[in-house]
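Note sheet for the following structure.
Derivation of every value follows stated rules applied to the coordinates shown; laboratory data play no part. This one's a predicted model, so the numbers in the text were calculated from it and none came from an experiment. Using ideal geometry, Cβ is built from the backbone for each residue, glycine included, and neighbour counts are taken over all protein chains shown.
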Amino acid sequence: MVSRKIAPGKARRSIAAAQCNVANVKNLTTTVRGAMLDMARPVSARSEIASNLRFIEDGLLVAQDGLIVYSGPWDSSKVPGAPESVMHFPGKLIVPGFIDTHVHYPQAEMIGAYGEQLLDWLNQYAFPTEQRYADIEYARKMADFFVRELLRNGTTTALVFCTVHPESVDALFETAQRIDMRVIAGKVLMDQNAPDYLLDTAISGYESSKALIEKWHKKGRLLYAITPRFAPTSTDQQLAMAGKLKGEYPDVYVHTHLSENRAEIDWVKDLFPGHDGYLDVYHHHGLTGSRSVFAHCVHLRDHEWKCLSDTESAIAFCPTSNLFLGSGLFPLKKSWERGVRVGMGTDVGAGTSFSMLQTLNEAYKVAQLQNDKLSAFEAFYLATLGGAKSLSLDHLLGNFDVGKEADFIVLDPGATPLLQKRNETCLDLEQRLFALFTLGDDRCIHSTFVNGTLAFEREGKI
């Protein structure tokens, strides 16, 4: 049995330093002490959130072989091995790892591209960048960068868009597999209305996706997502083949975009006149369901909300992207009223930050602009257990229940002078948490643990 202690001041910033071999998780015990915060169970109403919050001022978390075996108040008798094996984080906050329910790894390099709304932005920036991912070595280099950024920002689970190239999927899954990270991803499907260099066909898209499912789905902690980019870039024939795949592999995910931009919605009407709106294009082909995640959903109609609820489909709320591209304001309150699961998405590179803290900051403002309130506790829920629920993974991760996967992060509420000053006037946990979500960023991520293994540690203060 192996136990480890963090040497003070020693940084482990790279994936290599995370002991990037799945075999290393075997016989590994990780023991951490400090203030702990999580949610007891998934909820179906905002009113249930506060009563399900669990906070322990001095807690102990023990993980063995990647799973939580003890979570509760500090108790020295629960420490396996020598007392010095405990990683103690005084003044910090230990929480479940953040869950990103929509992000594009090939777009990390063109984040912050200026001046366009969705359709022009795709043609001018996204499509030319994605062309490079046919090169497996380039894709591997960028997958490594992407995963490092996730870890640096405290994200331990992500639902990810790759590109049309199978090489892009292989590169990302190879990188995630080395640290046994929970990643859901898939090859993009596009057989129309995109540059020739990014098009597949209904048949080739089906065959390539099928081969990737067989190769990667449920290999370790990896999961596959059937990934039509969005309805305008797939013909009915391709969407039908995507539905065929879903029928053949019912436990894979579906990941796509829906009702992000009004011009996009009008385009869908023109392309698919026989369907009753945007969502019906997907629903007709069997692409809704409990493992279907639709990014954005800013401009849904009433019957589309009902369809998402009836089919148990989920939404990825991407506030930084929606604001950056001028797409609109997602009605988070309505998702609670309609009983539709929601997780948070950074949507890099239309989204402007990998940081879930910054994403929640913008989500609060989106709610404010609609005369709604996003509380600190609700924000925390959406980024952790709520995100797990939206991905149908809440039985595996998202809180500190014994038996769940040991993905967690250590937050530094005083990472900057401004946060330190603000905390002097915070009266309770809710105020401190709200300050962290409003003023925090990647500097607040002290450490990131993936499957019980230290994958990132920040060096010093900035």
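Taking R0 as 41 Å, what's the FRET efficiency between E214 and R54 from their Cβ-Cβ distance, rounded to 0.05?
That pair, E214 with R54, gives E of 0.55.
From the backbone phi of the stretch 220-230, what are the Karplus-calculated ³J(HN,Hα) couplings (6.51 cos²θ - 1.76 cosθ + 1.60, θ = phi - 60°) in whole Hz, Gly and Pro given as x?
Karplus values, whole Hz, x for Gly and Pro: x, 9, 8, 9, 9, 10, 5, 10, x, 4, 7.
To one decimal place, what orientation-averaged projected area in nm² is obtained for the convex hull of the Cα set of the chain?
20.1
Ranked highest first by the average count of other Cβ atoms within 10 Å around their residues, in what order do 346-359, 402-415, 71-84 fall? Present the calculation step by step, with values, prior to reporting the outcome.
Working: 346-359: 26.4, 402-415: 22.4, 71-84: 12.9.
Sorting 346-359, 402-415, 71-84 by mean packing, highest first, produces 346-359, 402-415, 71-84.
Can you give the FRET efficiency for L119 and R338, using 1/(1 + (r/R0)^6), R0 = 30 Å, r = Cβ-Cβ distance, to the nearest 0.05?
Computed FRET efficiency for L119 and R338 comes out at 0.60.
Roughly speaking, what is the centre-to-centre gap between the stretch 115-146 and the stretch 186-209 when only Cα atoms are used, to the nearest Å?
About 15 Å separates the Cα centre of the stretch 115-146 from the one of the stretch 186-209.
Kindly provide the helix-only [θ] at 222 nm of the chain, computed as the sum of -39,500 (n - 2.57) over DSSP H runs of four or more divided by all residues, to the nearest 500 deg cm²/dmol?
Values: 16 runs with 150 residues, N = 462.
Estimated from H runs of four or more residues: -9500 deg cm²/dmol.
Which entries in K187/K269; K219/K269; K210/K306; K78/K389; K215/K269; K373/K404 show an alpha-carbon gap greater than 27 Å?
The answer is K219/K269; K210/K306; K78/K389; K215/K269; K373/K404.
For labels at K269 and N423 in the simple 7 Å Cα→Cβ model, what's the distance in nm?
Result for the modelled spin labels: 5.2 nm.
Multiply the residue separation of Y197 and D65 by 0.36 nm, subtract the distance between their alpha-carbon atoms, and state the gained length in nm to one decimal.
43.1 nm
Any chance you could give the angle, 0 to 90 degrees and rounded to 10, that helix 356-368 forms with the longest Cα principal axis of the chain?
Approximately 60 degrees, to the nearest ten.
Place the peptides 421-431, 299-309 in order of packing, highest mean first, counting for every residue the other Cβ atoms within 10 Å and averaging per peptide.
299-309, 421-431
Quick one: if you stick a label point 7 Å off each Cα along the C-beta vector at S290 and K78, how many nm between them?
3.1
Take each of the peptides 325-333, 447-455, average the number of other beta-carbon atoms within 10 Å over its residues, and list them starting from the highest.
On the way: 325-333: 19.1, 447-455: 25.6.
Descending packing order for the listed peptides: 447-455, 325-333.
Assuming R0 = 35 Å, can you tell me the calculated FRET efficiency for the pair S85 and E430, based on Cβ-Cβ distance, to the nearest 0.05?
0.55
Using the alpha-carbon centroid of each, what span in Å lies between the stretch 283-334 and the stretch 378-406?
Cα centres, the stretch 283-334 to the stretch 378-406: 20 Å.
Please give the helix 262-271 orientation as an angle from the longest Cα principal axis of the chain, in degrees from 0 to 90, rounded to the nearest 10.
40
For M344, what is the net charge nearby, where nearby means another residue's Cβ is under 13 Å from its Cβ and Lys, Arg count +1, Asp, Glu -1?
Neighbourhood net charge equals -2.
Mean separation of Cα pairs under 8 Å and 6+ residues apart, divided by the residue count of the chain: what relative contact order is that in percent?
Relative contact order comes out at 21 percent.
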